[in-house]
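Peer 1: Take this structure, written in structure tokens, and hold onto it; I'll ask about it next.
The values are calculated or read from the model by the stated rules, or taken from the named source; none is laboratory data. In this text the structure is predicted, and so the values were computed from the model without any measurement. For neighbour counting, all protein chains shown are included, and Cβ atoms are generated from backbone atoms with ideal geometry for every residue, glycine included. With ligands, DNA and RNA removed, areas are computed over all heavy atoms of the protein, side chains included. Shrake-Rupley method; radii C 1.70, N 1.55, O 1.52, S 1.80 Å.
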Amino acid sequence: MTTVRGSSVDVPTPDGTADAYLTHPDDGRPHPAVLLYMDAFGVRPHLAKMADRLAEAGYTVLAPNVFYRHGRAPVVELPEFIDPGARPDLFEQIMPIMRDLTPESAMRDAGAYLRWLAESPLTTDGPVGITGYCLGAVLALRTAGTYPERVAAAAGFHGGNLATEAPDSPHLVADRVTAELYFGHADQDHALPPEQIDRLEEALTRAGVRHRCEVYPGAPHGYTQADTAAYDAEAAERHWTELLELFKRNL
């Protein structure tokens, strides 16, 4: 197994400094860059383990705290295991922070993350891969459409509100995407109802985007997150298979 090295880094942005977790193979060589967008619970030990698993596969991975305007991670104090009883109180704190991250500010940040990766001696000169979870799936799609010249592959898992009727819905960037996309939707997800799944599929197909969208049967929203009660081991492993194959094809 590849030995990896993880550390905390600071990424300058137009609006301040984003703290982030960086991990890469500990072999002294540059590797293809991956931007990992967190779920609503933020950068924490479990997310670092996910980033490490990607690094073990041969990538240099940056997982930024996208809520950095509200403080360094953890922005919200989390229990070691997030069970259903803890979620209401946590989301009462998290939702205002999420609403404060506008598409415009998130994409300014994305440009900073991509520049930081491009300038790092730990990354190769090629294109970047992105993976995102929950709200991170939205950020992955928006970043692929905003920076098509930098992003070769992007994936989103158990994403919410990917294709709403709002004038700034994420799916509306489809005509600017050049990357290959993959989405692994949660089954019966209140955050992504069937009409949004269909709308996303139609937009990507109409734009000619190379993509695959799949619903994971029985997998709840948050199925990749092992420190929550939503974790589904079978679905999580399926996500790893699809994600690594996507990156292998494109990076």
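Peer 1: Just to be sure I follow: if Rg is taken over the C-alpha atoms of region 134-235 and Rh is the Kirkwood radius over the same atoms, what is Rg/Rh?
Peer 2: Taking Rh as the inverse mean 1/r over Cα pairs, Rg/Rh reads 0.96.
Peer 1: Could I ask something else about it? Here are a few candidate values for volume of the Cα convex hull per residue in Å³: (1) 130; (2) 116; (3) 268. Which one was actually calculated from the structure I just gave you?
Peer 2: (2)
Peer 1: Something else about it: Which of the peptides 145-152, 5-12 is most tightly packed, and how do the rest follow, going by the mean number of other Cβ atoms within 10 Å of each residue?
Peer 2: 145-152, 5-12
Peer 1: Per residue, what accessible area does the chain have, given a 1.4 Å probe and all protein chains present, in Å²?
Peer 2: 44
Peer 1: When only C-alpha pairs under 8 Å and at least 6 residues apart count, what is the relative contact order of the chain, in percent? Could you put the intermediate results ahead of the total?
Peer 2: Values: 534 pairs, mean separation 42.6, N = 251.
Normalised by residue count, the contact order of the chain is 17 percent.
Peer 1: Please list, ordered by chain and number, the residues whose modelled amide H lies under 5 Å from the amide H of Thr123; skip anything fewer than 5 residues away on the same chain.
Peer 2: His31
Peer 1: Quick check: from the Cα gyration tensor, does region 36-139 come out rounded (a/c under 1.5), prolate or oblate? Walk me through the intermediate numbers first.
Peer 2: Values: a/c = 2.45, a/b = 1.50, b/c = 1.63.
Oblate is the answer for region 36-139, as a/c is 1.5 or above yet b/c matches or exceeds a/b.
Peer 1: Report, in deg cm²/dmol and to the nearest 500, the calculated mean residue ellipticity at 222 nm for the chain, where each DSSP H run with n ≥ 4 adds -39500 (n - 2.57) and the sum is divided by the residue count.
Peer 2: One gets -11000 deg cm²/dmol as the mean residue ellipticity at 222 nm.
Peer 1: Also, I was wondering about something else. Once neighbouring chains are kept in place and the probe is 1.4 Å, which whole percent of the accessible area of region 96-165 is contributed by carbon and sulfur?
Peer 2: The C+S portion of the solvent-accessible surface of region 96-165 is 54 percent.
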